[in-house]
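Step one of this worksheet: look at the structure below.
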Amino acid sequence: MLKQDRRSFLKTSALIGAGITGLKSKDTKAQTRHVISEDRMGVLVDTTVCIGCRKCEWACKTAHDLPAGDIESYEDRSVYEKMRRPDDKALTVVNEYSNPDPTKLPTNVKVQCMHCDEPACLSACIVGAFSKDESGSVVWDTEKCIGCRYCMIACPFQIPAFEYDKALQPDIKKCDFCIERTTQGQLPACVEICPVEALTYGRRKDLIEVARKKIKNYPDRYIDSILGDTEVGGTSWMYLSGRDFQELDFPKLGEDPAPGVSESIQHGIFAYFVPPISLYALLGGVMWLNKKKEKSKEE
Amino acid sequence: MKKISIIILVFISASIYAQKELEQHPMAKSLECNYCHSCEIPTKDDPCLYTCPRTHMVTLQHPVEDAPEVIVLDELKEQSDLYAPVVFSHRLHAEMSNMAGGCQLCHHYNPPGVILGCQECHENSRSRTDLNKPDLKGAYHRQCIDCHREWTHEVECASCHLLNEKIVADEVQVKDYSEIKHPKIIEPTKIVYNTEFDDGDIVTFYHDEHVNLFNLDCSSCHSNSSCASCHDTTPLKLEPTLDQLHRVCSECHDTEDDCTNCHIKKERPRFNHELITGFDLNKYHKNIDCKSCHGKDGFKGLNDNCGTCHTDWSPGNFDHKITGLILSESHEGNDCEVCHENNNFKKPTCSMCHDEDVTYPDFMPGEEI
Amino acid sequence: MEHFMKPAPIEKKYFTPGVMVFVVLAAIGLVFLAIRFIGGIGAVTNLDNQHPWGIWIGLDVALGVALAAGGFTSAALGHIWHREHYHAIIRPALLTALLGYTFVAVSVAMDLGRYYYIWHPLIMWNGTSVLFEVGICVMIYLTVLYIEFLPIVAERFIGRVNLPGLLSRLNKTVDSLLRALDRGLDKTMFVFIIAGVVLSCLHQSSLGSLMIIAGPKMHPLWQTPILPLLFLLSAIGVGFPMVIFESLISSRSFGLKPETPILTNLGNIIGPILGIYLAFKIGDMVIRQTFVYLTTITTESVMYAIEIVIGVIVPLRMFLSEQVRKSPAGLFIASSLVIFGVFMNRLNTFLVAYTPPYEMTTYFPSVGEIAVTVGFISIEVLLYRLMVKIFPVISHPQKDVAPQTKFSVRGMI
């Protein structure tokens, strides 16, 4: 609650500041904290089920009007020789990790935006172009973005990508959890196409229950951990695995929300604007005293 | 009057409904309810079934001949029209399954009665409330791809179904699979393994003994072996670990403590009970299951004393005829020990009653058949 | 013999062989800049999705802001602490800050994917964003700097407004406008001066907070919650060395006598500030036990060692020696080392320390990036030279002029 108060204070103070400098804030909405709905949706990725067919990559591109190519070309598994990352031309990619047990099949891991509950990109963005939708999606607003790429610095999962080859209107590209499709009652494109339902779409809290049950029922199949349950304050996309997540190149992250430290320092410096104003007053006092001293010297 | 009739009507309809419920229940009466249901009173709306009755479920084998030959899996059309339906050679697959796990290899929820298809449990919709089991599309694909992938290491969609846009005629061609059979698997009689174990590099494995003598089912050893153990065509055929090599044997044999049980320096002769234990598996014991004698205590603790196993034998209930000798009237009523001193059933001693000149087999205590 | 220092325009010819070199460098930079606008950022830079920020942010912006700190430190010293004898350095420092911040703003715009939306933060606010705070502070501070510079413009042109052609009709109006402005600012200038110092403290520190959100992507040697404090201290620490550096270079370039006594006095302050900075830096390392990363030789450990030893410890020792402080050469070398140290620190914090979890390529600035950075520095130098020729910025000994109490600190500047 206190935090909220501070924020609203910051907002009003900023408004006053803008008033002084003769500016009007048209968009005060950017300041409102994102609402995290209890019923927000999520996806549970079961890496023990994924077969690495890469149909999700095709579906994603098709749904987002990116050049997708021939669906059958996605069966080429030679792409797995190198690790790939989502970029401006592919919002999701699947990687392959050979199994330490050589008689067993490799593990495939789909990578996309995790849709954090406390997104670092949202906190960092200079113009508030990111928002956490009630449905769980973290979406980017092309109307606001200025292309500073601070979201890319902030993201702990290294997801947002930038169109470096565009001179005009380059976009930040990242998975938007198919928000256009889901608002129309459709499934996210990748979830819909997945042949083996390695991607389970549902309410986040239901998915956590499902995941816990799976771990309990098949202790040999899964390690006892759900990635995204608590990492960086929780994410909408979560992963199950039979192997240590670090082996699958997931970054080792704590449970504190990624923007936590940064925001608390920021709010510390700007707490009710007290520190800047007191510094101002202090310097004013010093100036006045020194001037007085000098005047008395002159007289 | 009206009220009463309404009440009666309600009662009747309720009882009819309840009866119908019972009739439709897929499970046999012999099963406990809590085998499948987690709550006390399951209803149709909330059957509170356990997540996946894969492990606890009793299974029933059906003969392969009963299996439908071809099934066209076209239920997924409602979800997506990207790919054409799969024409599934069901019986061929059933035959192949029979080599490993039987029907339950795929029909893992296999209660007595009619075998259930996937769509009975797996919803044909990805947006659903019960997320504990995969939807129909997921279930189908997991069932098929897991094996197919093992031997090709690829996931070619086209090996089962073509893209709709690539099909010229609208109709799905149903191929005739009746002539196609999985080739009969040739059973080996003996396999001699050359291992890298120094104290005994040779392991002799008599396959026929395990099948015929020890009466083992194929599935008792081969249930975990995938299609890929024969079909893996990739050059990347990987060496199994030591543990995996021994896993099949260690089900019955001790592979931990004494390696020389199996690993010896020369080829092992066929199994001979008399040579190893001193007890001849005569015609009475030759064809019985090992387990009927070697029960709970494993292979230890038995001697050649009949009474160790046949604890209930007495003159009243033992029919001496099966030994090939019908006892004469004078011998019939004797206790066993009278002739078989010290439980020696091979050769009777006569000296208990007779003089020394009466000896077996010169004098018979009855009539030989 | 006592003489009085008074700022006046420099009367030397603009073009020298050295200036021509800068012109060429500036031209090359502008060519690459043109490519950036035609082909996008990717056409010129080595930036990619793993390394979203390069030297245009790490050096042009972060270092640019730090090196322009001379403006607010000397303003604080001269005006707030009222040390009259430093007034000779305030105007050059102000001009440097003015040009520095202008080019910070320009560099930011060049690095923005959508430079034409640079005004968005003015109306689209995100209170949680450190970058938003930096942006707003820099924008206001830049305005403040221009306001602080206005009296110099007024001093130069009052009574001398001479617009060409038709515009000459407006000469009188402009003149009276300037006079009005000058009078108004004379009374209110203290508001802007204090605001400038406060704003500088805010954004100099927040520039450090920028990288905190990168969390584990930053090497632990640099990732610390006291980054804002370290940035503020290092900015204050580099402020005076920058003034000394500049003053020595311009006096040499314009053939003036170095203002050694003033610079020596400045040098007295630098030592303690560097000492405090070093104490925090080492203390932070001890508390977080990051010295373990220095036991192996990696790019990070070597860069850290260079930054601390050559960039902080050596100049600190030099500034503590009276002999060094009294010789222009010693001052020049020591100041250069401090500047180098801050250069290394900003480079390390923004580029070397930043190791993304999925790093397939390593970042090294492209020829284009370096050319643009060098080009901008050259343009700054050229503009500085031009400005000191037009405006009374650099103080000369004026034998024939008696000290005028009012105009020596005209409008508090």
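Of note:
- Which of A:Leu240, B:Pro315, A:Thr230, positive extreme of dipole for the protein assembly as shown (C-beta unit charges): A:Thr230
- Over the residues of chain A, the helix contribution to mean residue ellipticity at 222 nm works out to -10000 deg cm²/dmol, using -39500 (n - 2.57) for each DSSP H run of at least 4.
- Listed residues A:Ser135, A:Ser236, A:Ser278, most fluctuating in chain A (Gaussian network, C-alpha, under 10 Å): A:Ser278
- With the Kirkwood sum run over all distinct C-alpha pairs, the range B:309-368 has a hydrodynamic radius of 12.1 Å.
- When B:Arg149, A:Arg54 are arranged by Cβ crowding within 10 Å, least crowded first, meaning fewest neighbours, the order is B:Arg149, A:Arg54.
- When chain A is treated as a GNM with alpha-carbon contacts under 10 Å, the residue of A:Leu44, A:Leu122, A:Leu168 showing the greatest mean-square fluctuation is A:Leu168.
- For the range C:1-107: relative contact order, % (alpha-carbon pairs under 8 angstrom, 6 or more apart): 24
- By the equivalent-ellipsoid construction on the alpha carbon gyration tensor, the range A:41-258 comes out with semi-axes of 27, 21, 17 Å, ordered largest to smallest.
- Relative contact order %, chain C, counting alpha carbon pairs below 8 Å whose residues are six or more apart: 35
- Farthest toward positive dipole pole in the protein assembly as shown [+1 Lys/Arg, -1 Asp/Glu at C-beta], among C:Cys137, A:Gln158, B:Asn344: C:Cys137
- Cβ-based charge dipole, the protein assembly as shown, positive-most Cα from C:Leu98, A:Thr92, C:Gly215: C:Leu98
- The overall shape of the range A:141-280, judged from the alpha-carbon gyration tensor, is oblate: a/c is not under 1.5, and a/b is no greater than b/c.
- Förster radius 25 Å - calculated FRET efficiency between B:Ser125 and A:Asp220, Cβ distance, rounded to 0.05: 0.25
- A:Leu168/C:Trp119 FRET efficiency (R0 22 Å; Cβ-Cβ; nearest 0.05): 0.85
- For the range C:196-310, the Kirkwood estimate of the hydrodynamic radius, built from every pair of different alpha carbons, is 16.1 Å.
- Dipole magnitude of chain A, debye to nearest 20 (Cβ charges: Lys/Arg +1, Asp/Glu -1, about Cα centre): 1260
- Calculated translational diffusion coefficient of the protein assembly as shown (25 °C, 0.890 mPa s; Stokes-Einstein with Kirkwood radius over alpha-carbon pairs) equals 66 µm²/s.
- 28 Å Cα-Cα threshold exceeded, pairs from A:Lys82/A:Lys252; A:Lys173/A:Lys252; A:Lys55/A:Lys144; C:Lys12/C:Lys187; A:Lys252/B:Lys137: A:Lys55/A:Lys144; C:Lys12/C:Lys187; A:Lys252/B:Lys137
- Sequence-distant aspartates and glutamates (8 or more away, or on other chains) whose Cα lies within less than 13 Å of A:Lys216: A:Asp224
- Computed helical MRE - 222 nm, chain C, DSSP H runs ≥ 4 contributing -39500 (n - 2.57), nearest 500: -20500 deg cm²/dmol
- Whole-percent pair-distance distribution, where bins are 10 Å wide, for the alpha carbons of the range A:197-284: 15, 33, 20, 12, 11, 7, 2
- Here C:Lys326 is the anchor, and the aspartates and glutamates within straight C-alpha reach of less than 15 Å, apart from those fewer than 8 places off in the same chain, are C:Glu259.
- In loop segments of the range A:84-148 as defined by DSSP, the trypsin sites (Lys or Arg not before Pro) with at most 14 further C-beta atoms inside 10 Å of their C-beta are A:Lys89, A:Lys104.
- DSSP loop trypsin sites (Lys or Arg not before Pro) with at most 13 other Cβ within 10 Å: longest gap in chain C: C:161-398
- Exposed-loop-free span, longest in chain C, where GluC sites (Glu not before Pro) count as exposed if DSSP calls them loop and at most 16 other C-beta atoms lie within 10 Å: C:12-358
- For the range C:117-200, chymotrypsin sites (Phe, Trp or Tyr not before Pro) meeting the loop criterion (DSSP other than H, G, I, E, B) and having at most 13 other Cβ atoms within 10 Å: C:Trp119.
- About its Cα centre, the dipole of the range C:4-398 is roughly 1060 debye, where the only charges are +1 on Lys and Arg Cβ and -1 on Asp and Glu Cβ.
- Packing-based exposure ordering (other Cβ within 10 Å, fewest first) of B:Tyr284, B:Tyr193: B:Tyr284, B:Tyr193
- Legend: P(r) of the range C:4-398 from all alpha carbon pair distances, 20 Å bins from 0, whole percents, reading 26, 58, 15, 1.
- Magnitude of the charge dipole for the protein assembly as shown, about its Cα centre and with charges confined to Cβ atoms of Lys, Arg (+1) and Asp, Glu (-1), is about 10440 debye.
- Max mean-square fluctuation residue, GNM over chain A, Cα-Cα springs under 10 Å, options A:Thr142, A:Thr183, A:Thr107: A:Thr183
- Fewest-first sequence of B:Cys309, A:Cys56, A:Cys151 by Cβ atoms within 10 Å of each Cβ: B:Cys309, A:Cys56, A:Cys151
- A:Phe162 long-range amide H proximity, modeled H, under 5 Å: A:Asp88, A:Lys173
- The relative contact order of chain A, computed from alpha carbon pairs under 8 Å that lie at least 6 residues apart in sequence, is 23 percent.
Each reported figure results from applying straightforward, stated rules to the coordinates on display, with no laboratory input. Here the structure is a predicted model, which means the values were calculated and not measured. FYI the Cβ positions are ideal-geometry reconstructions off the backbone, even for glycines, and counts take in every protein chain you see.
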